[in-house]
Amino acid sequence: MKIRVLGCSGALLPNANQPAFLVDEKILLDAGTIGNVLSADEQWKIRHILLTHAHLDHIVGIPFLLDNIVVKNIRHQVMVIGIKETLKAIKEHLLNDKIWPDFSKIPDKNSPVLALRDIKYGVPFKIDKYTIYPLKVRHTVPAAGYIIEKGRKRLLYTGDTGPVRTTWNEVNRLGSISGRVDAIIIEVSFPNRMKELAIKSGHLTPNLLYKELQKLNNLPKKILITHPKPLYYKLIKDEINKLMVEDIEILSDNMIITI
Ligand SMILES: [Zn+2]
Ligand SMILES: [Zn+2]
């Protein structure tokens, strides 16, 4: 599995793109960054977008991708997948014919460029050769993390989450059946001194991350950090290094991870 980091920042600044991870060039995990880094041909390859939640920094690339596909008159469909609350929020508040056109009716109702598919926590589903397990995480809006499995390789992406117990219980349960995950992409948004804000806003600090990792029976082989606030990047990086956890690194835009 090849994962290309289109963006992994917890806010928008020059050279700090918002979260989006392209798996094997065709499945997008979150959609905070698309059109400003992918060429047109690369954009046409995206057929499935898996969303963790409806916050703008995770979905903002979608309206512009759909617009490009329609303008180019490419007759294919992009399937946006998420829990029902996420899809409802996008339909009601983004692609609502007010903020942006409702692409589930464009170019016409029978073959629209956008299809929405809702999934449920704990119920695995398939996209091509991938099996995907949605996990409930803890954020200020309903949110899902995902284990993406292809063959014997497994990636776990948390999306935005604060401290949680049930998610890790489920990861441990799945791990006892199919083995430990190869890589985890997990968020750390704030430095340690902003712990209160982190908890209130459903995010982690380096110390909170450390406690979360203790809840896993087996540490993933690679621990990859996403979503740091760029204004505190250096401090967060220092604090993560001080955790003395093996095989941990903060992701950067354009990085490619192979598992
Ligand atoms: Zn969020
Ligand atoms: Zn976010």
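The values are calculated or read from the model by the stated rules, or taken from the named source; none is laboratory data. From a predicted model like this one, the values you see are computed outputs, not experimental measurements. For neighbour counting, all protein chains shown are included, and Cβ atoms are generated from backbone atoms with ideal geometry for every residue, glycine included.
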May I ask you to list the residues in region 61-83 that are part of a loop (DSSP other than H, G, I, E, B), hydrophobic (A, V, I, L, M, F, W, C) and buried (at least 20 other Cβ atoms within 10 Å of the Cβ)?
Ile83
Kindly list, by first and then second residue, each pair from a residue in region 43-62 that is of a type in the set (S, T, N, Q) to a residue that is assigned to a helix (DSSP H, G or I) and away from ligand 1 (no atom under 12 Å from the Cβ), limited to pairs with Cβ atoms under 9 Å and residues at least 6 apart or on different chains.
Gln43/Leu65; Gln43/Asn68; Gln43/Ile69
May I ask you to say which residue of Ile3, Ile34 is closer than 30 Å to Arg152 by Cβ and part of a loop (DSSP other than H, G, I, E, B)?
Ile34
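Listed here are the residues, each with its yes/no results for (1) within 30 Å of Ile236 (Cα to Cα); (2) under 15 Å from the mean Cα position of the chain (by Cα).
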{"residue": "Leu6", "(1), (2)": "yes, yes"}
{"residue": "Ala16", "(1), (2)": "yes, no"}
{"residue": "Leu38", "(1), (2)": "yes, no"}
{"residue": "Thr52", "(1), (2)": "yes, yes"}
{"residue": "Leu66", "(1), (2)": "no, no"}
{"residue": "Val71", "(1), (2)": "no, no"}
{"residue": "Ile83", "(1), (2)": "no, yes"}
{"residue": "Asn110", "(1), (2)": "no, no"}
Check Thr86 against each of (1) within 24 Å of Lys126 (Cβ to Cβ); (2) more than 16 Å from ligand 1 (Cβ to nearest atom); (3) assigned to a helix (DSSP H, G or I); (4) not aliphatic (A, V, I, L, M) and name the one condition it does not meet.
(2)
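Residue-wise test of (1) within 16 Å of ligand 1 (Cβ to nearest atom); (2) more than 16 Å from Val113 (Cα to Cα); (3) not acidic (Asp, Glu).
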| position | (1), (2), (3) |
| --- | --- |
| Val5 | no, yes, yes |
| Leu12 | yes, yes, yes |
| Asp30 | yes, yes, no |
| Thr33 | yes, yes, yes |
| Gln43 | no, no, yes |
| Ala54 | yes, yes, yes |
| Gly61 | yes, no, yes |
| Val71 | no, no, yes |
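Tally time: how many residues in region 89-110 are assigned to a loop (DSSP other than H, G, I, E, B), at pLDDT 95 or above and of a type outside the set (A, V, I, L, M)?
Here is the first cut: in region 89-110, the residues assigned to a loop (DSSP other than H, G, I, E, B) are 94-102, 106-110.
Subset that is at pLDDT 95 or above: 94-102, 106.
From what is left, the residues that are of a type outside the set (A, V, I, L, M) are 96-98, 100-102.
Of the residues in that region, 6 qualify.
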Could you tell me which residue of region 112-153 is farthest from the chain's Cα centre (by Cα), considering only residues that are among the aliphatic types (A, V, I, L, M) and not in a strand (DSSP E or B)?
Val113
